[in-house]
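Report on the structure given below.
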Amino acid sequence: MKEKEETFKNIYHSNYDKVMRICIGYTAGNNDEAGDLTQEVFIKVWSSLDEFRNESKMATWIYRITVNTCLTRLRKLKKKVKNYDVESVIDVPQENETIDKEIMYEGLYNCINKLSETNRAIILLELEGLPQKEIAEVIGIKHEAIRTRIHRIKNELIKCVNNE
Amino acid sequence: MNSFEEIQSKWNDQDKIKAPKDGFKSLMKKIEEIKNKQKITNGVLLATVLVLGGFFFYIAGYNNHQVILGLSLMIGSLIIRVVIELLSINRLQRVNRSKDNTLFKQELTKYYNKRRIVHIVITPLIVLFYAIGFIVLLPLFKANLSAGFYTYILISSIVLLFVFSLFIGKQIKTELTQLKFLKDSD
């Protein structure tokens, strides 16, 4: 038990950032909701830890749990997520840098939030720098199909952030 | 932001998020709480089934067929409902979240489709049998209880049935919306 807890502690600290960022993406920038979601993800990680067989990388395994956990909570979250003014993403004035940055990210999150659930998961994993082969493993779609789909989602996202 | 590279660069510029100082400790505490809560829930449901079962056998001793029939229908429907809910909760918890997203969605959709059958077919039957059981017992209530208490039982049961139906209706709506959401999520 102690050994499991120690392993889990290491997993928690080395993956917290990744999981939280994906969750923030799912909650359109709502840090409190993302924190709750992240906690739920790690509870699932703990309860599934004995089943981890090293057949996939630990990161891929955790991303799968993250994406699936976010999916189950998404419908509830959708109601709570704020709608941000997308126009503000385009030209952020240079003064008040922190506020501007926040507005920019809110707009970006809002655009990500407009994507379909699967597309949202794909683009968040792409933004997190996960190799496309591993994104395919997380989502369960062929590698070639993921490549084409990512290209399409990127265009959709660019259009949205530029308010086209 | 005119290119994805710009979006990517902004994304990478985000501040690193560190786990809260006592985050792991509170996480382990939460895990422990969930375990205890599950034990309590299972205990309460098991105790309910045992008490209802015990009550049934106690009443059965009086050898009144009308009482046995009415109570069998009422208690039997309640026990079936409790067992179905326990099995459903257990099945939902066993849905493997470490599978890929496509397989996970398929499994979850299968789960909600089965729940739909429970809601559309089994639940109305359970409510019907419960109501029949109650109706079977009504003449006995009328014969053995005071007029005021009989009226109270009658009215409160109707109100309870109405509240219970609303509660189940809400649950059905939530789960059907979840099913629709899963189908639309691609």
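So for the stretch B:85-151, considering every pair of alpha-carbon atoms, how many percent are separated by more than 18 Å? Please list the in-between numbers first.
Working: 1322 of 2211 pairs.
Of all Cα-Cα pairs in the stretch B:85-151, 60 percent lie more than 18 Å apart.
Taking the alpha carbon gyration tensor of the stretch B:1-116, what are the square roots of 5 times its eigenvalues, largest first, to the nearest whole Å?
Details: eigenvalues 513, 89, 18 Å².
Working from the Cα gyration tensor, I get semi-axes of 51, 21, 9 Å.
What is the pair-distance distribution P(r) of the protein assembly as shown, computed from all Cα-Cα distances in 20 Å bins starting at 0, with each bin given as a whole percent?
Bin by bin from 0 Å, the calculated values are 24, 45, 23, 8, 0.
Let me spell out the model: positive unit charges on the Cβ of Lys and Arg, negative unit charges on the Cβ of Asp and Glu, origin at the Cα centre of chain B. What dipole size does that give, in debye rounded to 20? Don't skip to the end; give the middle numbers.
Working: 25 positive and 13 negative charges, 59 e Å.
Computed charge dipole of chain B: roughly 280 debye.
Test of understanding: what is the full-extension gain from residue B:116 to residue B:141, defined as 0.36 nm times their sequence separation minus their Cα-Cα distance?
Values: separation 25, 0.36 × 25 = 9.00 nm, distance 3.59 nm.
This chain segment gains 5.4 nm when fully extended.
Please compute the contact order of the stretch A:2-161 in relative form: average sequence separation of alpha-carbon pairs under 8 Å and at least six residues apart, divided by the residue count, as a percent. Numbers along the way, then the final one.
Values: 136 pairs, mean separation 37.9, N = 160.
The value is 24 percent.
In peptide A:53-60, how many Cβ atoms from other protein chains are near each Cβ within 10 Å, on average? Kindly include the intermediate steps, with their values, before the conclusion.
Numbers: counts 1, 0, 0, 2, 0, 0, 0, 2.
Mean number of neighbouring Cβ atoms from other chains: 1.
Provide Rg and Dmax in Å for the stretch A:1-65, with only Cα atoms included in the calculation.
12.0, 37
In what order do B:149, B:57 fall by count of nearby beta-carbon atoms within 10 Å, going from fewest to most? If you can, show how the numbers build up before the last one.
Numbers: B:149 11, B:57 8.
Placing the least packed residue first, the sequence is B:57, B:149.
Starting with the fewest neighbours, write out A:138, B:83, B:49 ranked by other beta-carbon atoms found within 10 Å of each beta-carbon. Mind dumping the intermediate values first?
Details: A:138 26, B:83 12, B:49 16.
Going from sparsest to densest Cβ surroundings: B:83, B:49, A:138.
One-quarter of the Cα convex hull surface for the stretch A:2-161, in nm²? Mind showing how you got there, number by number?
Working: hull surface 40.7 nm².
Reported value for the Cα convex hull: 10.2 nm².
In nanometres, what is the gap between the two model label sites at residue A:143 and residue B:132, each 7 Å from Cα along Cα-to-Cβ?
6.1 nm
Let me have the relative contact order for the stretch B:1-139, percent, based on Cα pairs under 8 Å that are six or more residues apart.
Working: 59 pairs, mean separation 42.3, N = 139.
Computed over the stretch B:1-139, the figure is 30 percent.
May I ask you to work out the translational diffusion coefficient for the stretch B:4-58 at 20 °C, viscosity 1.002 mPa s, via Stokes-Einstein with Rh from the Kirkwood sum over Cα pairs, reported in whole µm²/s?
Result for D is 135 µm²/s.
For A:46, A:61, what's the fewest-to-most ordering of other Cβ within 10 Å of each Cβ? Mind dumping the intermediate values first?
On the way: A:46 19, A:61 23.
Final ranking by Cβ density, sparse to dense: A:46, A:61.
Taking a temperature of 25 °C and a viscosity of 0.890 mPa s, what whole-number D in µm²/s does Stokes-Einstein yield for the stretch B:28-184 with Rh from Kirkwood over alpha carbon pairs?
Working: Rh = 18.4 Å.
Value of D from the Cα-based Kirkwood radius: 134 µm²/s.
Does a label point 7 Å from the Cα of residue B:52, set along Cα-to-beta-carbon, have any residues of the stretch B:81-101 with amide nitrogen under 11 Å, and which are they?
B:81-86
Give me a comma-separated list of calculated 3J(HN,Hα) values for the stretch A:106-114, in order, Karplus coefficients 6.51, -1.76, 1.60 applied at θ = phi - 60°, integers in Hz, x for any Gly or Pro.
4, x, 5, 4, 4, 5, 4, 5, 7
Might you list the cysteines of the protein assembly as shown that have no disulfide-compatible partner by the rule of another cysteine's Cβ under 4.7 Å?
Within the protein assembly as shown, the cysteines lacking a partner Cβ under 4.7 Å are A:23, A:70.
Values quoted throughout were computed directly from the atomic coordinates according to the rules given, and no laboratory measurement underlies them. Quick caveat: nothing in here was measured; it's all calculated off a predicted structure. Virtual Cβ from ideal backbone geometry, glycine too; neighbours counted across all protein chains shown.
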